[in-house]
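> This is the structure I have questions about; it appears just below.
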């Protein structure tokens, strides 16, 4: 028995790669759906905050990511946009990352028609602006100065939904979907703490532990962490078989496989250690 | 020619080339890697010119309505100073531009960063115990004990023996739990990317093969 574990401990890493690939591919091919249960989590906090806003609230949705993190953040963007549209909030899209503007446009325009929403009345994409935190500080005094036109070069003064909006004071919520810096932290520091604007967010799983600290201090109203956060929001919004919900099945199977590897690896390590082999 | 299918095939081939590294280093992987680096560099240069430089600087210096705003010559000069690093004789000029960037960043962040990431966190830790129900109080106690013992672990002015040593041990245990949580989240992130690629290969690329071979719909 000990020999088996020793042999497992020295397993060729390529076999592990194949097993992980199978753990991901098989659930996708078999359309396996593992129910996603949403508890009292930060994703529910964000959902409830958006739900409680009065209809017609102005919400900044900042698409601070690029295609490399699309599998995690694009389902999040689509679920959040759907929820904002269903609650009749007005979405002001923008991006701190250059390619985020195009991804945000995809998310908003793909849902706009089916939910009876109109560009410039219910949503607008102001596009990308460089500067990160410095730019956010300037939004606190004049949004028009930073974005004289939207992404398609339509002047601010010709966009009906933006009339009456001057600075961050006229915004009821900022949601940043962030893959790194600049992103949620810049919004928390420059908009949340400086101008007292509620900040919500969605992030890649890698950066989630770092952002949990802002939840405990109530510097953020809610957080969607990685694919699980996206699946939670899809579930709460009522999207059946959403991209993130479908992604959670291979995710769960692969996690079980990795946990088994960790257990086997540890048993092999301690077995070898007892024999005096491992250092 | 159906350009969508061409795009899907290019994406799939490059993905497979990159994953071939998992077997071992090979020329296909190298090709895909260099292609990615080269294309990224080219893309960013063009993107920066048309989406950053022209709208934020050039259009302000030479507005559509005519005229010349000379004040915008200054940021242009600072941008050129940055490139001076490549010429050893005038490399010192780049320090002016760098100094401005560092100074602005430090000035803007000094107070805000301290407020958001130090004061607010300390306040959150101190006041957390006083609020909420039993579970919340327990969770807050874990937080406070975790923070204090974690700090003790990094306090090297006193030998880690006796009570200090035991507290430091609690601290390292808490740190290990935090690293474990972080590791778990990292695995979730990397798997999400793998799932994204596998979904693309299985649901977008594979169905194009029968179409190209003229089999099925």
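> Taking the Cβ of each residue in A:51, A:66 as the centre, tally the other Cβ atoms inside 10 Å and list the residues starting with the fewest.
The fewest-first ordering by Cβ neighbours comes to A:51, A:66.
> Just check chain A against the gyration tensor rule for me: Cα atoms, a ≥ b ≥ c as the square roots of the eigenvalues, rounded for a/c under 1.5, and otherwise prolate or oblate depending on whether a/b exceeds b/c.
prolate
> Which residue fluctuates most in the GNM of chain A (Cα springs below 10 Å): A:177, A:32, A:224?
For chain A, modelled as a Gaussian network with Cα springs under 10 Å, the answer is A:32.
> Continuing with the same structure: Counting DSSP beta bridges in chain A, what percent are antiparallel, to the nearest 5?
Antiparallel bridges make up about 5 percent of those DSSP assigns within chain A.
> Further question: Using only Cα atoms and rounding to the nearest 10 degrees, what angle (0 to 90) does helix A:226-237 make with the longest principal axis of chain A?
So the inclination is approximately 60 degrees.
> Take every residue in peptide A:202-210, count the Cβ atoms of other chains within 10 Å of its Cβ, and give the average of those counts.
Rounded to a whole number, the mean comes out at 5.
> Okay, next question. I need B:43, A:128, A:233 ordered by Cβ neighbour count within 10 Å, fewest first.
Listing B:43, A:128, A:233 from fewest to most nearby Cβ atoms yields B:43, A:128, A:233.
> Just to be sure I understand the model, the point goes 7 Å from the Cα along the line to the Cβ. What's the resulting residue B:170 to residue A:218 distance in nm?
Rounded to a tenth, the inter-label distance reads 2.7 nm.
> So, one more: Starting from the Cα gyration tensor of chain B, take the square roots of the eigenvalues, sort them a ≥ b ≥ c, and report rounded, prolate or oblate (rounded when a/c is under 1.5, otherwise prolate if a/b is larger than b/c, else oblate).
The shape class here is oblate.
> What do you get for the angle between helix A:100-112 and the principal long axis of chain A? Use alpha-carbon atoms, 0 to 90 degrees, nearest ten.
Once rounded, the angle reads 80 degrees.
> Sort A:94-100, B:195-201 by the packing proxy (mean of other Cβ within 10 Å over each peptide's residues), most packed first.
The peptides rank, most packed first, as A:94-100, B:195-201.
> Then there's this: Take residue B:61 and residue B:141, extend 7 Å from each Cα along the Cα→Cβ direction, and tell me the distance between the two endpoints in nm.
6.5 nm
> Could I ask something else about it? For region A:226-279 and region A:63-79, what is the separation of their Cα centres, given in Å?
If you average the Cα positions of each part, the centres end up 21 Å apart.
> A further question follows. For a quick check, take a GNM of chain A with Cα springs below 10 Å and name the residue from A:48, A:72, A:240 with the largest mean-square fluctuation.
Among A:48, A:72, A:240, the largest GNM mean-square fluctuation belongs to A:240.
> Can you give the mean number of other chain Cβ atoms that lie within 10 Å of the Cβ atoms in peptide B:55-63?
Mean number of neighbouring Cβ atoms from other chains: 1.
> Here is a further query. What is the fewest-to-most order of A:22, B:191 by other Cβ atoms lying within 10 Å of their Cβ?
Taking fewest neighbouring Cβ atoms as first place, the list is A:22, B:191.
> If you take every DSSP beta bridge whose two residues both sit in the protein assembly as shown, what share of them, in percent to the nearest 5, is antiparallel?
Restricted to the protein assembly as shown, the bridges split so that about 5 percent are antiparallel.
> If you count, for every residue in A:186-195, the Cβ atoms of partner chains within 10 Å of its Cβ, what is the mean?
3
> May I ask for the angle, rounded to the nearest 10°, between helix A:70-86 and the longest principal axis of chain A, with both axes built from Cα atoms and the value confined to 0 to 90°?
Its long axis makes an angle of about 40 degrees.
> Compute the Cα gyration tensor for region B:131-204, then decide on rounded, prolate or oblate, letting a ≥ b ≥ c be the square roots of its eigenvalues: rounded whenever a/c is under 1.5, prolate when a/b is larger than b/c in the other cases, and oblate in all that remain.
Judged from the Cα gyration tensor, region B:131-204 comes out oblate (a/c at least 1.5, b/c at or above a/b).
No lab work stands behind these numbers, since they all come straight from the coordinates. These figures come from a predicted structure and were not determined experimentally. Using ideal geometry, Cβ is built from the backbone for each residue, glycine included, and neighbour counts are taken over all protein chains shown.
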